[in-house]
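What follows is a set of notes on a single structure, which appears directly below.
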Amino acid sequence: MNKQEFLSRLKEKLPANEDTQECLSFYSEMIDDRKEEGMSEEEAVAEIGTVESVLSQILSEIPLSKLVKETVKPKRSLKAWEIVLLILTSPVWISLLIAAFVIVISVYIVIWSLLISLWAIEVGFALGVVYLAVYVVVFITQGRMLQSAAYFGASIAFVGISILMFFVCKKASKGTLVLSKKIAEGIKLIFIRKRVAQ
């Protein structure tokens with residue numbers, strides 16, 4: 001494939017916006033640089049990669065909101081029968097779309113709620129250590145050594161549990177953030193694949 005074919009195929013697959021010309025200029029310059037290094041035009045294009053791989057790379061750098069907006073935007077105006085069909089079937093597809101959206105949001109909220117609950121338990125154990133330490137001092141001042149020793153033992157146990165819970169919460173927080181990022185990347189990948197397949 002020569003430079004012109006590569007750039008024209010890339011142009012037809014790229015979203016029509018202000019960045020398209022900049023991308024095309026960048027890849028045109030990249031091909032020219034490789035030609036100056038002694039490669040043939042076909043070799044330079046082949047070294048850059050296929051149109052699909054370059055397009056995937058470009059689309060992965062576009063923010064998800066912009067990608068969704070450009071992908072959802074219709075390429076042509078709808079015909080009258082298509083509009084009528086959309087209106088007639090709207091009770092079904094709108095309900096399904098809302099249900100799917102609510103399920104996804106609910107799962108996401110449950111995951112974050114579990115994480116918040118873990119941190120709340122951690123804070124509870126940390127406050128329990130302070131509470132028990134205060135009572136240890138109170139019982140010592142009252143001369144009640146047996147209760148003081150019991151509360152001291154409980155406070156040591158709470159310290160251990162609190163430290164353990166901190167590491168569990170920290171690990172769960174990292175996992176939740178990674179999961180959230182993977183979900184966002186997965187959604188973005190759906191739109192990238194759709195765009196590359198067009």
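The values are calculated or read from the model by the stated rules, or taken from the named source; none is laboratory data. What you are looking at is a predicted structure, and each value in this text was computed from that prediction instead of being measured. A quick note on method: Cβ atoms are made from the backbone with ideal geometry, for glycine too, and the neighbour counts reach across all protein chains shown.
General remarks:
- Residue count, the range 1-51 (criterion: touching a residue at least 60 places away in the same chain (Cβ under 8 Å) and in a loop (DSSP other than H, G, I, E, B)): 1
- Criterion: touching a Phe, Trp or Tyr at 6+ places or on another chain (Cβ under 9 Å) and loosely packed, with under 14 Cβ neighbours inside 10 Å - qualifying residue of L132, L146, L114: L146
- When A133, A149, A120, A126 are checked against the criterion of being at pLDDT 95 or above and either part of a helix (DSSP H, G or I) or under 25 Å from the mean Cα position of the chain (by Cα) (or both), A120 stands alone in meeting it.
- Any hit, the range 178-189, residues being free of Cβ contacts under 8 Å to residues at least 12 places away in the same chain and over 16 Å from the mean Cα position of the chain (by Cα): no
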